[in-house]
Amino acid sequence: MTATDRSDPPGTDPVEVAPRMADLDGLRSAAATCTGCELYAPATQTVFGAGPSSAWLMFVGEQPGDREDLAGAPFVGPAGRLLDTALGRAGIVRDEVYVTNAVKHFRFELRGSRRLHKTPAVSHVRACRPWLDAELRVVRPTVVAPLGATAGKALMGSSFRITESRGTVLDWNGFALVPTIHPSAILRMDPEDRDAGLDALVADLRVIATAGHEPRP
Ligand code: SF4
């Protein structure tokens, strides 16, 4: 076979397919073959959202990390474990929560054999948006909680500032939206600052828990 004979199988176009899917299983299956941007090629697999379609709360992170890319599930690495700890302290039941990312393939750069996280570009967030919109449409959570600046900008636009908005309840497209920091930001803090970082995340989660008890906007 010559190079010109080769043709990759056609992938899924998120703009065309995501709006037509009625449930999470269909969305997850369709996203597995997504070629909406170039991030699918070097990554191991699509990491779609996880959790019940009846979830009252949806966390939106930035993108899967190295562990998530290998496992095929979101928030299973160190940041996910920290989020679980914070949820427990805030009295939020993990099994009632849906977790996903603004971008569903791991963007990284190779340093030797190590794959280092690389922040997704605006073009990747835009390309992946139909999957996130579809998750919001199917799950219809009461509260949407973007974790960190990339997820916040994905939902609220480029003027979003996490430092100004975290822990406040915003009205966004019929959802209560409460931004907070990404747990990976706590892991990057100096060790002596991490307890305070976790306390602040738990405080934001308590705001989220209270917003979840309010009637849907
Ligand atoms: S990052 Fe999103 S849009 Fe890009 S290939 Fe992956 S699932 Fe498709």
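Quick note: the coordinates plus some simple rules give every number you see, no bench work behind them. A quick note: this is a predicted structure, and the numbers were derived from the prediction, not measured. FYI the Cβ positions are ideal-geometry reconstructions off the backbone, even for glycines, and counts take in every protein chain you see.
How much of the DSSP beta bridge set in region 13-210 is antiparallel, as a percent to the nearest 5? It would help to have the intermediate numbers written out before the result.
Details: 8 of 20 bridges.
Restricted to region 13-210, the bridges split so that about 40 percent are antiparallel.
Starting from the amide H of Thr168, placed 1.01 Å from N in the peptide plane, find each other amide H under 5 Å away whose residue is 5 or more places distant or on another chain.
Sorted by chain and number, the residues that satisfy this come to none at all.
Pop out the ³J(HN,Hα) list for region 158-165 in order, Karplus 6.51 cos²θ - 1.76 cosθ + 1.60 with θ = phi - 60°, rounded to Hz; leave Gly and Pro as x.
Residue by residue, region 158-165 yields 5, 7, 4, 10, 4, 5, 8, 9 Hz.
Rank Val122, Leu177, Met58 by how far each Cα sits towards the positive end of the charge dipole of the chain (+1 on Lys, Arg Cβ; -1 on Asp, Glu Cβ) and give me just the farthest.
Val122
Can you give the relative contact order of region 13-210 as a percent, counting alpha carbon pairs under 8 Å and 6+ residues apart? Numbers along the way, then the final one.
Details: 361 pairs, mean separation 46.5, N = 198.
Computed over region 13-210, the figure is 23 percent.
Within 10 Å of each candidate Cβ there may be at most 14 other Cβ atoms; applying that plus a DSSP loop requirement, which trypsin sites (Lys or Arg not before Pro) in region 102-174 survive? List each step's numbers first, then the result.
On the way: sites: Lys104, Arg107, Arg111, Arg114, Arg115, Lys118, Arg126, Arg137, Lys153, Arg161, Arg166; in loops: Lys104, Arg107, Lys118, Arg161, Arg166.
Listed in order of number, the matching sites are Lys118, Arg161.
Would you please give the FRET efficiency between Arg114 and Thr33, computed as 1/(1 + (r/R0)^6) with r the Cβ-Cβ distance and R0 = 22 Å, to the nearest 0.05? Walk me through the intermediate numbers first.
Details: r = 28 Å, r/R0 = 1.26.
Calculated transfer efficiency: 0.20.
Sorted from fewest to most neighbouring beta carbons within 10 Å, what does the list His213, His124 look like? List each step's numbers first, then the result.
On the way: His213 9, His124 22.
The fewest-first ordering by Cβ neighbours comes to His213, His124.
Can you give me the Rg/Rh ratio for region 46-156, using Cα atoms for both radii and the Kirkwood formula for Rh? Working shown, then result.
Details: Rg = 13.7 Å, Rh = 14.2 Å.
That ratio is 0.96, to two decimals.
Pull up all non-local amide H partners of Phe108: gap of 5 or more, or a different chain, and H-to-H distance under 5 Å with H placed in the peptide plane.
Amide H to amide H, under 5 Å and 5 or more residues apart or across chains, Phe108 pairs with Lys118.
So how tilted is helix 194-212 from the main axis of the chain? Cα-based, degrees 0 to 90, rounded to 10.
That helix lies at roughly 90 degrees to the long axis.
Which residue, Ser123, Ser113, Ser159, has the most motion in a Gaussian network model of the chain that connects Cα atoms within less than 10 Å?
Residue with maximal mean-square fluctuation among Ser123, Ser113, Ser159: Ser113.
Spelling out what I want: for every residue of region 143-153, take phi, set θ = phi - 60°, compute 6.51 cos²θ - 1.76 cosθ + 1.60 (Karplus), and round to whole Hz; glycine and proline get x.
3J(HN,Hα) across region 143-153, in whole Hz: 10, 10, 10, x, 9, x, 5, 4, 5, x, 5.
What fraction, in whole percent, of alpha-carbon pairs in region 13-210 exceed 31 Å separation? Walk me through the numbers before you get to the answer.
Working: 2291 of 19503 pairs.
Of the Cα pairs, 12 percent sit more than 31 Å apart.
Considering the zone a paramagnetic label at Val138 would reach in this model (a point 7 Å from Cα along the Cα-to-Cβ line), which residues of region 60-78 have amide N under 18 Å from it?
Those under the cut-off are 60-61, 64, 72-75.
Between Ala121 and Thr44, take the C-beta separation as r, use R0 = 25 Å, and let me know the FRET efficiency to the nearest 0.05.
Values: r = 20 Å, r/R0 = 0.79.
Efficiency computed from Cβ-Cβ geometry: 0.80.
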